[in-house]
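Novice: The structure's right below; bear with me while I get my questions together.
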Amino acid sequence: MNIKAILPTAAFPSVHSAWKQYQPNASPPLLPIGAAEVDRRLHGGIVQAGLHEFFGGAKADSYAAAAFALLLAWRLPDSDAGIFWITGDKERQTSGRLYPLGLSAMGGNPSRIWLVQTADLRDALRAAADTIRSKAAHAVILETHGNARLVDLTSTRRLALAAAESGVLALLVRGDAVPMPSAASTRWQICSAPSVPYPGNAPGLPTFDLRLLRHRGGTAPFAARVTWDHATRSFFDTPLSGGLSAAVTDTEADPQQRFRA
Amino acid sequence: MVEKQRGAMRLAACDTAALALGLSAGMALADARARVPDLAVFDHDPAADIALLGWLADGCERYSPACMIDPPQGLLIDITGCTHHFGDDAGRLAKDLKQRLRRQGLTGQIALGATPDSARAKALYAKSAIHALPVEALDAGDKVHQALRRAGLKTLKDLACRPRKPFAARFGKATVVKLARLLEEEDTRITPRRHVPVITVTQNFAEPISRNNDVLDTIATLTHQAAAQLNDRSQGGRRFEVSLFRSDGHVARLAVDTGTPTRDSALLMRLIRERIDTLSDPLDPGFGYDRIQLSVPTADILLPSQAGLETKVDRSAQTAALIDRLSVRLGSDRVRYFAERNSHIPERAVVECAAQSGQPQKDWPQATEAGPPMRPFRLFETPQRVESLASIPDGPPRQFRWRKNLHHIVAYEGPERIAAEWWRRKAGHEPGKGGPTRDYYRVEDSEGRRFWLFRHGLYSETDAPIWYLHGLFA
């Protein structure tokens, strides 16, 4: 007896193809960062419908983490859906407000940004979950500061599930915090990096040192330095310059060591 | 009740017992004490009186949406067309009001009249017929009253049958108009305390309800009715108010605002639930609600839209719904968008507007093709003071200390000189009075962090200028 004959694949090839057509995409859409080397290591980019965590390397690097998250949101194609920036009163007090003239100078469109300011982190997490679920947003950035007990496995799992369901890019910025177990797809450590100076020793384009701390897909941690180009709205790999050792790109290298050296 | 009038303590108001003892308002407290040694006096508090009247007026909205406070002691209710709940009998309505007042321990003189003036005068002089009112009801000043009394005209009945023209010549037109209003010959409108809503739907209960679910179910029914009415008028509400009339006279109000006109009852119910959840003190039904009212104070045109065949997601509707929801929960000033303003001072150039108030500005300045961003991506509302060290007085900083950390500057660009808005200052156009100029520097420290610093004041303007950190670059 030929078992294969009773399989729908062989018996009704048309049904099978129709079935395949309505199957959700096997691989979820990826958002490439733009920097070739980083995208190669990530096998194409970060999951667009997922939660990603960004830690600041040092206390003063929480701004860099927030900036990197925002620039990632701008990597998304233009659409009429907004980017929701959710922040607490405390965060706004410590790190200032978003400045739209600076945002447009970085190639973004400030009219897409909706600001949501909450009194505390509990409200912020709830607002973020609702925003992700509503499908009105293209990206949701939740900014937190300090080691918050509320941002735990449960709350991040809630955000991650909502993001996976609605296809929204959820970015969690954790300034001045120690990495804890969470349900995020990727976890990054972001530091400001010296830029390639412009003529006249003027500070250059936004430059970041990235360090992938954890990847749900199993990608090994690595470190890289990328620069944001506002004209193309993408990152590019940055050659190391100045008095820095080439070891920074090495997987084991700690961006922190560079500061101590 | 006593209050201080021209340096003397005088009685401002007295109750019926005091009146029976021969005391009256306006009497000096010392005289009153002499007559009645064990007189109980309290401070007169006109603000509390008005607050109580306001509370009563809220409760009286169960009878009519048009209620008005008539200071110092009156309430006017326009019950035209509002008596159907009482079998078209205004007397039964008055009786109901009197009962409710009595339950609160209040006594009131209730009078019905075809015009506000006649009703007020009848209540004030406790008469049921207009003709029995004294001429003082004209409220035209002591001289007029005295003149009328001297002429033997003591009540309105005496005035009503006389020709008006000589009367107008003697006492002025205003008095005649007042007389016509008192005699219910000419009607005026009252100015209601609250805007009469576009749509009002109500539900009365014979037995007060107090369970939360019952209340929510009733609100849902009312929302459906209001939505249907709005649909008939091709309108959508911008504000929805739920008034919960407690059987003891208290009225609780909940209001939700929407950014765009809507008549989607499911959405409204979500917003109202959200509103109830965020109340700082939960709804207290007490002995139960005997009337629930939903009103739509403001409505805009909302034409019916046809749903497309394809299941395309309507992003703008979703965004509006989300913004309404967050605004109801967090407060409407906490969900915002950016708008540009006409100023060259960085912190004044941009404002954040409540998301429900309008649409975000579309045309922002585009990024320059080449060169790094010249404006920071984060700005401090109040510039942060830093200790800075510059190599030459008018030059760029060499290092600065911010939040206890020392930053060594390795690259800088500047200064970008931004003058103060001298026209905002008194005599700002005169030299040296326009306010300090700011010299902005874009700097990068040895660890790769980029900041926006400025020196407040040139050395020609001030001796010891202060450095501030104003923004952070990515």
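The values are calculated or read from the model by the stated rules, or taken from the named source; none is laboratory data. Just so you know, these numbers come straight off a predicted model, no measurement behind them. All Cβ positions, even for glycine, are placed from backbone atoms using ideal geometry, and neighbour counts span all protein chains on display.
Novice: Do we find a residue being over 22 Å from B:I292 (Cα atoms), among the acidic types (D, E), in the same structural domain as B:E186 (by TED's automatic domain parsing) and out of contact with any Ser or Thr (no Cβ under 6 Å at 6 or more places or on another chain) anywhere in the stretch B:85-96?
Specialist: No.
Novice: Restricting to the stretch A:221-236, and then to whatever is assigned to a strand (DSSP E or B), within 15 Å of B:F473 (Cα to Cα) and not aromatic (F, W, Y), can you tell me which residue is farthest from the chain's Cα centre (by Cα)?
Specialist: Residues of the stretch A:221-236 assigned to a strand (DSSP E or B): A:223-229, A:234-236.
So of that shortlist, the ones also within 15 Å of B:F473 (Cα to Cα) come out as A:227-229.
Adding the requirement that they be not aromatic (F, W, Y) leaves A:227, A:229.
Values: A:T227: 15, A:D229: 17 Å.
Ranking the candidates gives A:D229 first.
Novice: OK, next. Would you mind stating whether A:R225 is over 30 Å from A:S155 (Cβ atoms), at pLDDT 90 or above and among the charged types (D, E, K, R)?
Specialist: Taking the combined requirement at face value, the residue satisfies it.
Novice: Also: Only residues that are more than 23 Å from B:C67 (Cβ to Cβ) and surrounded by fewer than 17 Cβ atoms within 10 Å (Cβ to Cβ): list them for the stretch B:119-133, please.
Specialist: Of everything in the stretch B:119-133, those that are more than 23 Å from B:C67 (Cβ to Cβ) and surrounded by fewer than 17 Cβ atoms within 10 Å (Cβ to Cβ) turn out to be B:A129, B:H131, B:A132.
Novice: Which of the numbered conditions does B:Y63 fail, given that it passes all the others? Conditions: (1) modelled with pLDDT of 85 or more; (2) assigned to a helix (DSSP H, G or I).
Specialist: It is condition (2) that B:Y63 fails.
Novice: Evaluate the following for A:R41: is it among the charged types (D, E, K, R) and within 28 Å of B:G371 (Cα to Cα)?
Specialist: no
Novice: Hey, another quick one. When the residues of the stretch B:352-365 are filtered to those that are exposed (fewer than 15 other Cβ atoms within 10 Å of the Cβ) and more than 7 Å from chain A (Cβ to nearest Cβ), which remaining residue is farthest from the chain's Cα centre (by Cα)?
Specialist: First pass over the stretch B:352-365, keeping only residues exposed (fewer than 15 other Cβ atoms within 10 Å of the Cβ): B:357-359, B:362-363, B:365.
Subsequent filtering for residues that are more than 7 Å from chain A (Cβ to nearest Cβ) retains B:357-359, B:363.
Values: B:S357: 16, B:G358: 20, B:Q359: 24, B:D363: 34 Å.
Looking at residues that are exposed (fewer than 15 other Cβ atoms within 10 Å of the Cβ) and more than 7 Å from chain A (Cβ to nearest Cβ), I get B:D363.
Novice: Determine if the stretch A:143-159 includes at least one residue that is closer than 28 Å to B:R341 by Cβ and either under 19 Å from the mean Cα position of the chain (by Cα) or more than 7 Å from chain B (Cβ to nearest Cβ) (or both).
Specialist: yes
Novice: Of all residues in the stretch B:332-349, which are within 21 Å of A:T131 (Cβ to Cβ), within 9 Å of chain A (Cβ to nearest Cβ) and not charged (D, E, K, R)?
Specialist: B:V335, B:Y337, B:F338 - these are the residues of the stretch B:332-349 that are within 21 Å of A:T131 (Cβ to Cβ), within 9 Å of chain A (Cβ to nearest Cβ) and not charged (D, E, K, R).
Novice: Just one of the numbered conditions (1) surrounded by fewer than 22 Cβ atoms within 10 Å (Cβ to Cβ); (2) out of contact with any helix residue (DSSP H, G or I) (no Cβ under 8 Å at 6 or more places or on another chain); (3) away from chain A (no Cβ under 14 Å) is not true of B:G435; which one?
Specialist: Evaluating B:G435 over (1) surrounded by fewer than 22 Cβ atoms within 10 Å (Cβ to Cβ); (2) out of contact with any helix residue (DSSP H, G or I) (no Cβ under 8 Å at 6 or more places or on another chain); (3) away from chain A (no Cβ under 14 Å) leaves (2) as the failure.
This table checks each residue for (1) over 21 Å from B:V328 (Cα atoms); (2) touching a residue at least 24 places away in the same chain (Cβ under 8 Å); (3) out of contact with any Lys or Arg (no Cβ under 9 Å at 6 or more places or on another chain).
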position	(1), (2), (3)
B:H224	no, yes, yes
B:A227	no, yes, no
B:D232	yes, no, yes
B:G236	no, yes, no
B:R239	no, yes, yes
B:D248	yes, yes, no
B:V256	no, yes, no
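Novice: Only one of (1) more than 10 Å from every other protein chain (Cβ to nearest Cβ); (2) without any contact (Cβ under 8 Å) to a residue 60 or more places away in the chain; (3) part of a strand (DSSP E or B); (4) not aromatic (F, W, Y) is not met by A:G218, so which one is it?
Specialist: For A:G218, the failing item is (3).
Novice: It is to be established whether one or more residues within the stretch B:417-429 are within 14 Å of chain A (Cβ to nearest Cβ) and more than 28 Å from A:R112 (Cα to Cα).
Specialist: yes
Novice: Could you tell me which residue of the stretch A:114-129 is nearest to B:H344 (Cα to Cα), considering only residues that are buried (at least 22 other Cβ atoms within 10 Å of the Cβ) and either of a type in the set (S, T, Y) or facing chain B (nearest Cβ under 7 Å) (or both)?
Specialist: A:W114
Novice: Also: Kindly provide the set of residues from the stretch B:210-222 that are part of a helix (DSSP H, G or I) and either in contact (Cβ under 8 Å) with a residue 24 or more places away in the chain or surrounded by 19 or more Cβ atoms within 10 Å (Cβ to Cβ) (or both), ordered by number.
Specialist: B:N212, B:V215, B:L216, B:T218, B:I219, B:A220, B:L222, listed by residue number.
Novice: Here's a follow-up. Report every pair of residues separated by at least 6 positions or lying on different chains whose Cβ atoms are under 6 Å apart, first residue within the stretch B:33-51 and assigned to a loop (DSSP other than H, G, I, E, B), second charged (D, E, K, R).
Specialist: Qualifying pairs under 6 Å: B:L39/B:R33; B:H44/B:E3.
Novice: Sticking with this one: Looking only at the stretch A:83-107, which residues are within 8 Å of chain B (Cβ to nearest Cβ) and either of a type in the set (A, V, I, L, M) or in contact (Cβ under 8 Å) with a residue 24 or more places away in the chain (or both)?
Specialist: A:S95, A:L98, A:L101, A:L103, A:A105, A:M106, A:G107 - these are the residues of the stretch A:83-107 that are within 8 Å of chain B (Cβ to nearest Cβ) and either of a type in the set (A, V, I, L, M) or in contact (Cβ under 8 Å) with a residue 24 or more places away in the chain (or both).
Novice: Check B:R181 against each of (1) under 17 Å from B:L112 (Cα atoms); (2) assigned to a loop (DSSP other than H, G, I, E, B) and name the one condition it does not meet.
Specialist: B:R181 satisfies all of (1) under 17 Å from B:L112 (Cα atoms); (2) assigned to a loop (DSSP other than H, G, I, E, B) except (2).
Novice: For the stretch B:366-386, enumerate the residues that are exposed (fewer than 12 other Cβ atoms within 10 Å of the Cβ) and touching a residue at least 24 places away in the same chain (Cβ under 8 Å). Full working, then the answer.
Specialist: The initial filter retains those residues of the stretch B:366-386 that are exposed (fewer than 12 other Cβ atoms within 10 Å of the Cβ), namely B:366, B:369-370, B:381-382.
Selection gives B:E381 alone.
Novice: I would also like to ask the following. Test of understanding: among B:I77, B:I69, B:I110, B:I130, which residue is in contact (Cβ under 8 Å) with a residue 24 or more places away in the chain, touching a helix residue (DSSP H, G or I) at 6+ places or on another chain (Cβ under 6 Å) and over 30 Å from B:F167 (Cα atoms)? Quick ask: steps written out before the conclusion?
Specialist: On the way: B:I77 fails: in contact (Cβ under 8 Å) with a residue 24 or more places away in the chain; B:I110 fails: in contact (Cβ under 8 Å) with a residue 24 or more places away in the chain; B:I130 fails: over 30 Å from B:F167 (Cα atoms).
After applying the criteria, what remains is B:I69.
Novice: Can I ask one more? Report yes if B:L97 is more than 15 Å from B:T191 (Cα to Cα), in contact (Cβ under 8 Å) with a residue 12 or more places away in the chain and touching a Gly at 6+ places or on another chain (Cβ under 9 Å), otherwise no.
Specialist: Criteria met by B:L97.
Novice: Quick check on this structure: which one of B:P431, B:P372 is assigned to a loop (DSSP other than H, G, I, E, B), more than 30 Å from B:T258 (Cβ to Cβ) and not assigned by TED's automatic domain parsing to the domain that holds B:A464?
Specialist: Testing whether each residue is assigned to a loop (DSSP other than H, G, I, E, B), more than 30 Å from B:T258 (Cβ to Cβ) and not assigned by TED's automatic domain parsing to the domain that holds B:A464 leaves just B:P372.
Novice: Please enumerate the residues belonging to the stretch A:44-88 that are of a type in the set (A, V, I, L, M, F, W, C) and within 14 Å of A:G146 (Cα to Cα).
Specialist: The answer is A:F54, A:F55, A:A58, A:A60, A:A65, A:A66.
Novice: Could you please find all residues in the stretch A:44-60 being within 14 Å of another protein chain (Cβ to nearest Cβ) and touching an Asp or Glu at 6+ places or on another chain (Cβ under 9 Å)?
Specialist: The answer is A:G56, A:G57, A:A58, A:K59, A:A60.
Novice: Another question about this same structure. Go through the stretch B:394-416 residue by residue and tally those that are within 13 Å of chain A (Cβ to nearest Cβ) and not in a strand (DSSP E or B).
Specialist: Adding up the residues that qualify gives 3.
Yes or no, residue by residue, for (1) in contact with a Leu (Cβ under 7 Å, 6 or more places away or on another chain); (2) β-branched (V, I, T); (3) within 20 Å of B:T16 (Cβ to Cβ):
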{"position": "B:E61", "(1), (2), (3)": "no, no, no"}
{"position": "B:L75", "(1), (2), (3)": "yes, no, yes"}
{"position": "B:I79", "(1), (2), (3)": "yes, yes, no"}
{"position": "B:D88", "(1), (2), (3)": "no, no, no"}
{"position": "B:A94", "(1), (2), (3)": "yes, no, no"}
{"position": "B:K98", "(1), (2), (3)": "no, no, yes"}
{"position": "B:Q104", "(1), (2), (3)": "no, no, yes"}
{"position": "B:G108", "(1), (2), (3)": "yes, no, yes"}
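Novice: I'd like the residue in the stretch B:38-55 that is out of contact with any strand residue (DSSP E or B) (no Cβ under 6 Å at 6 or more places or on another chain) and surrounded by 12 or more Cβ atoms within 10 Å (Cβ to Cβ) and, out of all such residues, is farthest from B:A123 (Cα to Cα).
Specialist: B:L39
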